[in-house]
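Undergrad: The structure is given below, and queries will be raised subsequently.
The values are calculated or read from the model by the stated rules, or taken from the named source; none is laboratory data. These numbers were taken from a predicted model, which means no experiment stands behind them. FYI the Cβ positions are ideal-geometry reconstructions off the backbone, even for glycines, and counts take in every protein chain you see. Note: areas computed on protein heavy atoms with side chains; ligands, DNA, RNA excluded. Shrake-Rupley method; radii C 1.70, N 1.55, O 1.52, S 1.80 Å.
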Amino acid sequence: MAGPSTAERGERQQESSGPPPARGLDRRRLRAIVALVALLVLLGGGSAWALYGSTWLRVEHVSVSGTRVLTPAEVREAAAVPVGKPMISADTGAIAARLRRKLPRIDTVDVVRSWPHGIGLKVMERTPVLLIRKGANFVEVDDDGVRFATVAQAPNGVPMLELSASRTGPGAASFRRFGTDRLVREAVRVAGDLPAAVTKTARSVHVRTYDDISLELADGRTVAWGSGEQGRAKARALTALMKASPGARHFDVSVPTAPASSGS
């Protein structure tokens, strides 16, 4: 009986030397994927333990910067940062909100993690531009009109608000139209627009009506400002007027395009 032909032997050789079965290849890929997933799980578990379970990344100290009137101790106490707890669990948003609520003097605060063990509190305090007398004390008001603190001693270089507008008398119509809060905001607006040199010597901001606001300086000189509108133009006019008439006792910039001075 004749053996296999040359063509048949070639086909058998090709079959025996061909690629391995697909099933074997799939099993190796599956083992590699399983090993990779296991490795990722181990790494993830190790990271979670390092962040939450270990003592390596715990809050150990709280630093405070930017304070002027407040003390670092006051800020740390109000912040109530959870010292000893994991760094990752410190809620920076809640800490910032707590500080602004407990210490209204704080305008802005930036709470930052300083790995591996610190929390930093970068504070910016409000600056008073006006004072409102309250009994024997003084309420500080910033340039946004926020009444943020009551102090026993008036800070230097901050003018006092004198509000003479009332429901009766010459300012009655203005009072009824705008109300106390709006008139106070106008006074704050004027105080915020004053030239730096005038701010240092301003003793009081006197509000009679919405468009009749004046200033008294520490040396007795007075400034008729008018309304709170065109504040920057009025500030420039007042600066120029004071330089041109250093001996004058009264300055009028209520119409900044036509400023005037008088007295000597």
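Undergrad: Out of E186, E229, report the one residue that is in a loop (DSSP other than H, G, I, E, B), of a type outside the set (G, A, S) and either at pLDDT 95 or above or surrounded by 13 or more Cβ atoms within 10 Å (Cβ to Cβ) (or both).
TA: Of the residues listed, the single one that is in a loop (DSSP other than H, G, I, E, B), of a type outside the set (G, A, S) and either at pLDDT 95 or above or surrounded by 13 or more Cβ atoms within 10 Å (Cβ to Cβ) (or both) is E229.
Undergrad: Residues being assigned to a loop (DSSP other than H, G, I, E, B) and closer than 17 Å to S204 by Cα: count how many of those fall in segment 140-160. Lay out the reasoning, then the answer.
TA: Taking segment 140-160 as the starting set, the residues that turn out to be assigned to a loop (DSSP other than H, G, I, E, B) are 142-146, 152-159.
Those still in the list that are closer than 17 Å to S204 by Cα too: 142-143, 145, 153-159.
Looking only at that region, the number is 10.
Undergrad: Looking only at segment 115-127, how many residues end up being more than 13 Å from L70 (Cβ to Cβ) and touching a helix residue (DSSP H, G or I) at 6+ places or on another chain (Cβ under 9 Å)?
TA: 5
Undergrad: Can I ask one more? Run R203 past the list (1) open to solvent by 30 Å² or more (accessible area, probe 1.4 Å); (2) under 16 Å from A248 (Cβ atoms); (3) at pLDDT 95 or above and report the number of the one that doesn't hold.
TA: (2)
Undergrad: Which of the residues spanning segment 89-111 are surrounded by fewer than 17 Cβ atoms within 10 Å (Cβ to Cβ), modelled with pLDDT under 95 and not in a helix (DSSP H, G or I)?
TA: D91, the sole residue that qualifies.
Undergrad: While we're looking at this one, here's another question. Among the residues of segment 159-181, is there at least one that is at pLDDT 90 or above, within 18 Å of R105 (Cα to Cα) and either hydroxyl-bearing (S, T, Y) or open to solvent by less than 40 Å² (accessible area, probe 1.4 Å) (or both)?
TA: No, segment 159-181 has no match at all.
Undergrad: Mind checking which pairs have a first residue in segment 179-196 that is touching a residue at least 12 places away in the same chain (Cβ under 8 Å) and a second that is open to solvent by 50 Å² or more (accessible area, probe 1.4 Å) and aliphatic (A, V, I, L, M), Cβ under 9 Å, 6 or more apart or different chains?
TA: Every condition considered, the pairs that remain are T180/L163; L183/L163; V184/L163; A187/L163.
Undergrad: Provide a single number: the residues in segment 113-136 that are open to solvent by less than 50 Å² (accessible area, probe 1.4 Å) and either modelled with pLDDT of 95 or more or under 23 Å from Q153 (Cα atoms) (or both).
TA: 11
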